[in-house]
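The values are calculated or read from the model by the stated rules, or taken from the named source; none is laboratory data. Remember, predicted model here, so these are calculated numbers, not experimental data. Cβ: placed from backbone, ideal geometry, glycine included. Neighbour counts: every protein chain shown. Ligands, DNA and RNA are excluded from the accessible area calculation, which covers all protein heavy atoms including side chains. Shrake-Rupley method; radii C 1.70, N 1.55, O 1.52, S 1.80 Å.
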Protein chains: 2
Amino acid sequence: MRVINFNAGPAGLPLPALERARDELLDFQGSGMSIMEHSHRGKEYDAVHTEAISLLTELLGIPDTHQVLFLTGGASQQFAQVPMNFLPPGASADYILTGVWSEKAHEEAVTVGKARVAASTALPDKRHVRIPRQEELQLDPKAAYVHLTSNNTIYGTQWHSWPDVGEVPLVADMSSDFLWKPTDVSRFAFIYAGAQKNLGPSGVLIAVARKDLIARGRKDIPKIFRYSTHAENNSLYNTPPTLAIYLCRNVLAWVKGVGGLPRLERWNREKGELLYGTIDKHTGFYRGPVEKESRSYMNVVFTLPTPELDERFVAEAKKAGMVGLKGYRTVGGIRVSTYNAVTVDNVKTLVSFMEEFVRKNG
Amino acid sequence: MRVINFNAGPAGLPLPALERARDELLDFQGSGMSIMEHSHRGKEYDAVHTEAISLLTELLGIPDTHQVLFLTGGASQQFAQVPMNFLPPGASADYILTGVWSEKAHEEAVTVGKARVAASTALPDKRHVRIPRQEELQLDPKAAYVHLTSNNTIYGTQWHSWPDVGEVPLVADMSSDFLWKPTDVSRFAFIYAGAQKNLGPSGVLIAVARKDLIARGRKDIPKIFRYSTHAENNSLYNTPPTLAIYLCRNVLAWVKGVGGLPRLERWNREKGELLYGTIDKHTGFYRGPVEKESRSYMNVVFTLPTPELDERFVAEAKKAGMVGLKGYRTVGGIRVSTYNAVTVDNVKTLVSFMEEFVRKNG
């Protein structure tokens, strides 16, 4: 019996993608072995690798100027690898700080080179409740790149229109909202996303990179950390995380099967509207700290009147078959993560529970 | 119908470890979700993580001076990360070159700092067919560390007694023979091994590190690349590859169940003796290039009288249900990888095939 999984990541995955993995876990397509036992240079794995890239290219409409890379180490490794590749000595990069993860990205960039803060939405108590407006950005027109975090899992904020950064390359950590809707990839020089929200298990990171930019990347760093190494070898320079990429392929095939990113966007917006509608209907009970224009459609955060009620909410939801609702350890409250695998029906079940909870405790 | 899998890596895994994964892939221990859908900070995954570390500690007899780390990026990333941590400016490290992978480790170390070649067994044609003797090692007593590759997958050589490196920390890439037999961990400052041979799927790397050495590691590198970061956070600094670690746990539980490393060593030696015995019996037909004292018990390499016979051998073995026998792309011939999941019976089947093949073609 599967529960309704609102985990913030690693997150729930579409059941058909998991069933497909289970059914062929011991014998992949009659080959007599698991996909994870196949050589990464054999034709069976190669077909999976190629299909994962072509599905992603098709779904996102990735132009020829860009290339898909499979990397490892999660977004946290990219916090270092991005400046190692794109921030030469003497240059400076701009960071827009909208939460813990963009702050960590900036802190790590400082270990590599010069990284400015172009804007920060941090409140005096360190929380973030909104995305900055264009006029707040103090951008350096000579910056090597501008870095932003497209969705902030902890605070529940999300960029809904991209900033104008002129000719400066735009780099985005999209770990927590990659593939939530159609995205104009051509606006970005480098997109990176850990798989474990919308795409697959932890252990693989997807990058969508502008080819000219990665070719010009720094060469005075170890070969394994150069994006050009992975680009030139189609992400097969060394053994990639084959099982994780295979699972991403299964998820991408599911995305295509249900109707692609326009369909996911419709579902994701419906899920968000159901939840925010319920919060706004009971503002005295459910308190959403996030500015309306900055609300995330992936992580809906709110608090109840007391920490005790927060706890009771989580405990009773769990009894009702819904898990993963506890807010991030440093901020408390409730967090409903509504990644692509969470269905509209799952959210309707939660919304009914929220209505019932406010009736009993409001 | 499972085939007999002699792949060099990613390699075959023990069937019980895979069956366990399949049986609970949609619902891990009644939790209503897959292990890959669990939070890496939840109690379900934490129990798996802890068990994987304690099984490895028990099986290898890891002393309190050392700590297990789960890292990513494969051995190729360690080629850079080892010198980043342990090779300060002005210092020098010693590399013993016994094959392609130790050469790559050395090449990458040179991008970080000063790395000497303490010995190389490369022949004029670049092949390696043996492990160097102690008296061949030109060790620098002031070296930051000495690096070796314990088993050479491509050339089929393996260290059978560790070199005396005095007080200099010994670092070993054990990717292709980790856990093949009991190993005195205390002799090593840092052991690293990609999982995809003896331990699990690709996508996770296991390190066994001397605690004092990693605590003293360089701090002027990005935080994500410091071993101390991962040591201080029990390999949970950022989201680890949870599914891959879970599969390693399954394999480690299987190792313990069959009798631990002494049992694996007995099986591995029997497998090697069966294969080398057959080669030595038909020296005019099967030619093993490796010096006897340096023969690997993980990768048995040999050639047949002609490349056409090599090809026929691989093709007919495949028809007989045995795959993964083709030699490495740059060296040709036959390679039989006999990692822990390959049974003595699997090897007996191959040996019968080899006898039959020599009768028909010799």
With all protein chains present, chain A has a carbon and sulfur share of its accessible area (1.4 Å probe) in percent of 51 percent
Give the accessible area for A:Thr349 in Å² (nearest 10); use a 1.4 Å probe, count only protein heavy atoms, and leave out ligands, DNA and RNA. 60 Å²
So, in nm and shortest first, the distances from A:Lys292 to its counterparts in the other copies, with label points 7 Å along Cα→Cβ, work out as 8.6
Pairs A:Lys104/B:Lys43; B:Lys142/B:Lys256; B:Lys271/B:Lys360; A:Lys211/A:Lys292: which exceed 32 Å Cα-Cα? B:Lys142/B:Lys256; A:Lys211/A:Lys292
Taking chain B and counting helices only, DSSP H stretches of n ≥ 4 at -39,500 (n - 2.57) each over all residues, the nearest-500 ellipticity at 222 nm comes to -11500 deg cm²/dmol
Distances from A:Lys211 to the same position in the other copies: list them in nm, one decimal, shortest first, using label points 7 Å from Cα along Cα→Cβ. 5.1
Note on chain A: helices (DSSP H) long enough, at least 20 Å by alpha carbon along their axis, and hydrophobic enough, mean Kyte-Doolittle at least 0.0, are A:43-60, A:242-258
For A:Glu273, place a label point 7 Å out from Cα along the Cα→Cβ vector, do the same in each other copy, and report the separations in nm, one decimal, smallest first. 7.4
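Just subtract the alpha-carbon distance of B:Ser54 and B:Ala122 from 0.36 nm times their residue separation and send over the number in nm, one decimal.
20.6 nm
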Percent relative contact order for the stretch B:260-361, counting Cα pairs under 8 Å at least six residues apart, stands at 32 percent
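In the neighborhood of B:Gly277, defined by Cβ-to-Cβ distances under 14 Å, what is the net charge if each Lys or Arg adds +1 and each Asp or Glu adds -1? Intermediate results must be reported in sequence, preceding the final value.
Details: positive: B:Arg269, B:Lys271, B:Lys281, B:Lys292, B:Arg295, B:Lys348; negative: B:Glu270, B:Glu273, B:Asp280, B:Glu355.
Spelling it out: positives minus negatives among the neighbours equals +2.
What translational diffusion coefficient, in µm²/s and rounded to a whole number, does the Stokes-Einstein relation yield for the protein assembly as shown at 37 °C and a viscosity of 0.692 mPa s, taking the hydrodynamic radius as the Kirkwood radius over Cα pairs?
Translational diffusion coefficient: 122 µm²/s.
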Assuming a ≥ b ≥ c are the square roots of the Cα gyration tensor eigenvalues, decide whether the stretch B:1-62 counts as rounded (a/c under 1.5), prolate (otherwise, with a/b larger than b/c) or oblate. oblate
Would you work out if the stretch A:70-166 is rounded, prolate or oblate? Take a ≥ b ≥ c from the square roots of the eigenvalues of the alpha-carbon gyration tensor; rounded if a/c is under 1.5, else prolate when a/b is larger than b/c, oblate otherwise. oblate
Just the number please: accessible area per residue for the protein assembly as shown, 1.4 Å probe, all protein chains included, in Å². 37 Å²
For the stretch A:260-361, shape from the Cα gyration tensor axes a ≥ b ≥ c, cut at a/c of 1.5 then a/b versus b/c, turns out prolate
Estimated FRET transfer efficiency when R0 is 56 angstrom, pair B:Leu309-A:Lys348 (beta carbons, to 0.05): 0.25
Mind checking which aspartates and glutamates have their C-alpha under 13 Å from A:Lys197, skipping anything on the same chain fewer than 8 residues away? A:Asp173, A:Asp177, B:Glu37
In the stretch A:111-130, which residues give up 20 Å² or more of accessible area once the other protein chains are added, compared with their chain alone (1.4 Å probe)? A:Thr111
In square angstrom and rounded to 100, what buried accessible area do you get between chains A and B, total over both, with the probe at 1.4 Å? 4500 Å²
